[in-house]
Number of protein chains: 2
Amino acid sequence: MYEQYGFEPLETPAFENIETLLGKYGEEGNRLIFKILRRGEHAGTGEADLALRYDLTVPLARVVAQYQSELPRFFKRYQIQPVWRADRPARGRFREFYQCDIDAIGSTSPIVEAEQLGAVSEVLTRLGFGDFVIRLNHRLVLSGLLNAAGVADTQQNDALVALDKLDKIGTDGVADEFAARGIERSVAETCLKAFEVAPDERPIETLGRLERLLGSEERAIANLRAVVSLADSTAAAGKLRVDLSLARGLSYYTGAIMEIAVPDLAGSLGGGGRYDNLVGMFLGRDVPACGFSLGLERIIVVMTERKMFPAKVSRGAVDVMIAVLHENLRSDALKLAAELRAEKLRVDIYPDAGSKLDKPLKYASSRNVPVLAIVGEDEHARGEVAVRDLQTRQQENAPRASAAQWIAKRVRIEQ
Amino acid sequence: MYEQYGFEPLETPAFENIETLLGKYGEEGNRLIFKILRRGEHAGTGEADLALRYDLTVPLARVVAQYQSELPRFFKRYQIQPVWRADRPARGRFREFYQCDIDAIGSTSPIVEAEQLGAVSEVLTRLGFGDFVIRLNHRLVLSGLLNAAGVADTQQNDALVALDKLDKIGTDGVADEFAARGIERSVAETCLKAFEVAPDERPIETLGRLERLLGSEERAIANLRAVVSLADSTAAAGKLRVDLSLARGLSYYTGAIMEIAVPDLAGSLGGGGRYDNLVGMFLGRDVPACGFSLGLERIIVVMTERKMFPAKVSRGAVDVMIAVLHENLRSDALKLAAELRAEKLRVDIYPDAGSKLDKPLKYASSRNVPVLAIVGEDEHARGEVAVRDLQTRQQENAPRASAAQWIAKRVRIEQ
């Protein structure tokens, strides 16, 4: 699906130089980065020089800065790889998890946001999700609101980190966090009040209200209007909701931010946003960029709990097992296996060659194998192979010379 | 291919508890393990509690020990994941690289070795390798030869590490390493002489000579005879060569060991062997096991240098690019993109909506895109879309309503 949206595949190494990652994810992110000890003569110092990927966005920014001259002007890549965070594991939250990212480098056009919202919406819709909601906000709208509520510039990052937890800790919790960070309780209340959006308010209504409330951020609001309007022509149509309390924990966002939620999962299935300055931290000149990330394990958790996976016939890992009844017949069994594999079947040989059939028979049944091919001395003498259907328990003899084709036909009928 | 040989997929986490990895790979391996700093309150101690996978075998042994009650009696899994070694990078040697492993747990039968040699040989043959050689040896044969040459038990591990470098450092280098480790130079000479195998000696000839030379290791030699004989009925037929100097650096092997070499690569494309005690280190009781690993990057290096990759028509990442000539037409462009994607095409939208065609035209050409769809005001007014073939430079108008099908047909003809 990502390729259909014009994204090209990219993989990056599991670890980056530690200074590439530090300072890109906020104070909490810094703490949650897995750091790798120096090796060789420096091993004893206890210092770290490398760190494991914390997301796929910062490594991409590093790649873009490093290979700028070799990349197209508009670079669109997708990347599906694990990342690592020293977080407390919970439902759908692991210390190692896969992110499925799309990013577009080189354009400030709201078409970029709309296309990305369309791509992730189409992915989720195809997986069977009908009830997801995309929350949309803008970093400049957020800081405008914080300014209007009286949060000083120097305290805004702290305020964002606190606000980002609104889902988890509620309004009282946010007010407490504000207080703990030296922001007056009354300011928290003003902020939270400004952030209130009725659940059924349409995006353009919210944006209209916002324009009256916040004269200072015309361009940011116009940008959100464009994203909302363009996304309406994609698979994200009808899914967007402007949520002024959406903050996104990562510190690198500069423009539109978004997050996808379903009712039965705290946290999100994915999120993203515009980060026009991140590449500049490596390159020395800013390059516009925007990306979106889906969390694979969270999607799997919800799909599993909702029983969304297609109910296929449970099929074992092996189509045919070969039982070898005498040591002298092992080579013949291996040859039969090769012939069956040439028929594209998945073939296993019961490894203990012996005179008794009961063990391979019992084992093959327990492994859900549909067909057992029996290479025995009597059959061998007659130029035959015995073939037992493990569902019907019927056994027939096939001529050895054409046994593979004979068995392949039978297995294909079974399936 | 691995599934056709009866192996099931498995993935394991990137890091293991550090004590799971330490002591499993010999002294050099211990040094090359990437170690992860403790987090939280212990971060300042400079201690490591986790370490990155060094191979896929030790994590598998840990999994088998941990989940023994849930796994089948004969557990065959394949695993294709990166591993990390703090080695000096070189041609085909990276600090992060992919191993493609197969392992069979639960059986001592030489059928296991033969099937694995067959599987990796079929993989390499299908990739186009005709000239690989599989070197085969046995750990007990090796220690028998070392005993016969007068290397004390306590020095045998050191001797193996030195012998493992024979390829790289030659016979003089091995003699030097022996001396550095306190083993007499004359012993090194005796060893190396015993290890000599003429390049054209057939496996059964080598084994026959070995039986006369080494009365003490009858069972190991009989095991090698069985492996050689059974492998002859697999895709490994004719590829085996008994090489008495093959040592394999990893310390966990206990039985047959093997390595695949091609003339134009120092080092190997892959290797493996039997390790009947490794699971026991975690479980407290031994479980027989045998595995083989192919190195993805080394295979790619040789295939690239030999130009073995199929010469396909160079195809860009995008089938159709859409140029939007006016801001008001952006939504229409997004709708056209959705329709083209429903036709299974890979579609990109040139993000800057403007009145000039030259930029998207030049960009699409540079990106090797075959078709440019132009959404302009005149065409829009006429209910049409302009479609330009970027190879022939011919341009035609398609009716907007059926533009997606029209373009899809054209793109499929191009390819």
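The values are calculated or read from the model by the stated rules, or taken from the named source; none is laboratory data. Only a predicted model underlies this, so the values are computations on that prediction, with no experimental measurement involved. Ideal geometry is used to build each Cβ from the backbone, glycine not excepted, and the neighbour counts take in all protein chains shown.
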Looking only at the stretch A:1-17, count every residue that is within 7 Å of chain B (Cβ to nearest Cβ) and more than 18 Å from the chain's Cα centre (by Cα) and tell me the total. 1
Index of the failed condition, residue B:102 passing every other in (1) within 15 Å of the chain's Cα centre (by Cα); (2) in a helix (DSSP H, G or I): (2)
Restricting attention to the stretch A:283-321, which residues are at the interface with another protein chain (Cβ under 10 Å from one of its Cβ atoms) and closer than 30 Å to residue A:400 by Cα? A:316, A:317, A:318, A:319, A:320, A:321
Anything in the stretch A:349-374 that is more than 12 Å from chain B (Cβ to nearest Cβ) and within 22 Å of residue B:110 (Cβ to Cβ)? List them, or say none. A:355, A:356, A:357, A:372, A:373, A:374
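Every residue, every condition in (1) free of Cβ contacts under 8 Å to residues at least 12 places away in the same chain; (2) closer than 20 Å to residue B:293 by Cα; (3) of a type in the set (S, T, N, Q), yes or no:
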site	(1), (2), (3)
B:124	no, yes, no
B:128	no, yes, no
B:139	no, yes, no
B:143	no, no, yes
B:149	no, no, no
B:156	no, no, yes
B:179	yes, no, no
With the condition kept exactly as written, say whether any residue in the stretch A:55-68 is within 11 Å of chain B (Cβ to nearest Cβ) and either surrounded by 22 or more Cβ atoms within 10 Å (Cβ to Cβ) or not charged (D, E, K, R) (or both). no
Quick check on my filter: what residues within the stretch B:375-386 are surrounded by fewer than 22 Cβ atoms within 10 Å (Cβ to Cβ), touching a residue at least 24 places away in the same chain (Cβ under 8 Å) and either under 40 Å from the mean Cα position of the chain (by Cα) or under 21 Å from residue B:411 (Cα atoms) (or both)? B:376
Would you confirm, using the coordinates I've provided, whether residue B:390 is over 18 Å from residue A:76 (Cβ atoms), away from chain A (no Cβ under 11 Å), hydrophobic (A, V, I, L, M, F, W, C) and surrounded by 12 or more Cβ atoms within 10 Å (Cβ to Cβ)? yes
Find all pairs meeting these conditions: Cβ atoms under 9 angstrom apart; at least six residues apart or on different chains; first residue within the stretch B:64-92 and assigned by TED's automatic domain parsing to the domain that holds residue B:102; second residue in a helix (DSSP H, G or I) and exposed (fewer than 12 other Cβ atoms within 10 Å of the Cβ). B:72/A:366; B:73/A:366; B:86/A:40
Among B:278, B:283, the single one that is surrounded by fewer than 16 Cβ atoms within 10 Å (Cβ to Cβ), in contact (Cβ under 8 Å) with a residue 40 or more places away in the chain, farther than 18 Å from residue B:390 by Cβ and under 37 Å from the mean Cα position of the chain (by Cα) is B:283
Failed item, numbered, when residue B:48 is tested on (1) more than 8 Å from chain A (Cβ to nearest Cβ); (2) in contact with a strand residue (DSSP E or B) (Cβ under 7 Å, 6 or more places away or on another chain); (3) crowded, with 19+ Cβ neighbours inside 10 Å: (1)
Mind checking which residues of the stretch B:81-101 are surrounded by fewer than 18 Cβ atoms within 10 Å (Cβ to Cβ) and away from chain A (no Cβ under 13 Å)? B:90, B:91, B:93
Within the stretch A:1-84, considering only strands (runs of 3 or more DSSP E) that don't extend past its boundaries, which have at least 3 residues that are over 20 Å from residue A:296 (Cα atoms)? A:15-17, A:35-37, A:48-52
Among the residues that make up the stretch A:102-120, is at least one of them surrounded by 22 or more Cβ atoms within 10 Å (Cβ to Cβ), out of contact with any helix residue (DSSP H, G or I) (no Cβ under 7 Å at 6 or more places or on another chain) and away from chain B (no Cβ under 11 Å)? yes
Any residue that is modelled with pLDDT under 95 and of a type in the set (Phe, Trp, Tyr) - is there at least one of those in the stretch A:256-278? no
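Quick grid of which residues meet (1) away from every other protein chain (no Cβ under 14 Å); (2) surrounded by 14 or more Cβ atoms within 10 Å (Cβ to Cβ); (3) hydrophobic (A, V, I, L, M, F, W, C); (4) over 17 Å from residue A:242 (Cβ atoms):
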| site | (1), (2), (3), (4) |
| --- | --- |
| A:153 | yes, no, no, yes |
| A:175 | yes, yes, yes, yes |
| A:198 | yes, no, yes, no |
| A:218 | yes, no, no, no |
| A:221 | yes, yes, yes, no |
| A:230 | no, yes, yes, no |
What is the residue count in the stretch B:330-346 for residues that are within 10 Å of residue A:230 (Cβ to Cβ) and either among the β-branched types (Val, Ile, Thr) or facing chain A (nearest Cβ under 7 Å) (or both)? 3
If residue A:131 satisfies every condition in (1) more than 23 Å from residue A:301 (Cβ to Cβ); (2) more than 14 Å from chain B (Cβ to nearest Cβ); (3) modelled with pLDDT of 95 or more but one, which is the exception? (1)
Picked from the stretch B:186-239 (must be polar (S, T, N, Q) and at pLDDT 90 or above), the residue farthest from residue B:108 (Cα to Cα) is B:206
